[in-house]
1. Would you pick out the residues in the stretch 75-88 that are farther than 13 Å from S47 by Cα and surrounded by fewer than 21 Cβ atoms within 10 Å (Cβ to Cβ)?
2. For I76, only one of the following conditions fails: (1) touching a residue at least 12 places away in the same chain (Cβ under 8 Å); (2) over 14 Å from V89 (Cα atoms). What is its number?
3. Take the residues of the stretch 28-53 that are part of a loop (DSSP other than H, G, I, E, B) and not hydroxyl-bearing (S, T, Y): which is farthest from Y18 (Cα to Cα)?
4. Quick test for you: out of E182, E194, pick the one residue that is over 22 Å from V81 (Cβ atoms), modelled with pLDDT of 75 or more and acidic (D, E).
5. Please verify whether R135 is at pLDDT 80 or above and either closer than 23 Å to A69 by Cα or surrounded by 16 or more Cβ atoms within 10 Å (Cβ to Cβ) (or both), treating the condition exactly as stated.
6. Out of curiosity, is F28 within 14 Å of V90 (Cβ to Cβ), in the same structural domain as V89 (by TED's automatic domain parsing) and modelled with pLDDT of 85 or more?
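The values are calculated or read from the model by the stated rules, or taken from the named source; none is laboratory data. Small disclaimer: the values here were computed from a predicted structure and weren't measured. Cβ atoms come from the backbone with ideal geometry, glycine included; neighbour counts cover every protein chain shown.
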Amino acid sequence: MISRALGTSKRFARLGGYQQGEFAQLLFPLLVSFTDDFGRVEGDSFSVKVRVFPVSPRTEAEFETAIIAMCEVGLIQRYEVDDQCVIQVVQWEEHQTGLHKRTKSKFPDPPDVTFKQDNQGSALVEVFANENTDRAGCLVTHFMRAYKELMKQPYMQSRSQAQRDHDAASALVDAYDDASLEQIIRMYLTVDEEHPKAKLLRGSQRTLPKLLTMAGSLAEALKIEVSP
């Protein structure tokens, strides 16, 4: 079912500001109509084009751009498990009926991102305790979990976004210690997008690369110094 609320959805409206935005708005309802009882469908751009909209004159690259836009505004989640790329429609259950009859999806579940906390509530201290740990990878993991907790929705990450996230995380862990990163992430994910200094947050997902561009001002507000 396509919910009537789609036409008034802020996330759906935000697609219009993206490259291929109107195409993404056309593609999303078609994508929903092809998902299984769990809101899942093949996630690579070739499969989406061939399965969902084969008569479209758009190129595979344009389909990819539209899919990434849908990920970034929070309409879908795209993930990989065992080399299988899957799209999960966000808040699927809220707009469907008869789901008590479903059995099991042929697609794997989205990965459940978890993290550890110490007695003071810091999520990064234990994770980074091992010097051999990929600190940037751990930061990405923590950020995704914190995003889900504070933004009340999963963090959308395409394959290209995953690489950009890791690159941004690498720069962040080089500049700040664990406790500082914890504070910066919390402020970043909770600051009101209408705040005069939060212009970059308006109308799009709060990503790690975007956090990197704002980290300096957030650290300044928190009176945090950059690591030497």
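1. If the condition is that a residue be farther than 13 Å from S47 by Cα and surrounded by fewer than 21 Cβ atoms within 10 Å (Cβ to Cβ), then E80, V81, D82, D83 are the ones that fit.
2. (2)
3. Out of the qualifying residues, it is D37.
4. One residue alone meets the criteria, E182.
5. no
6. Criteria met by F28.
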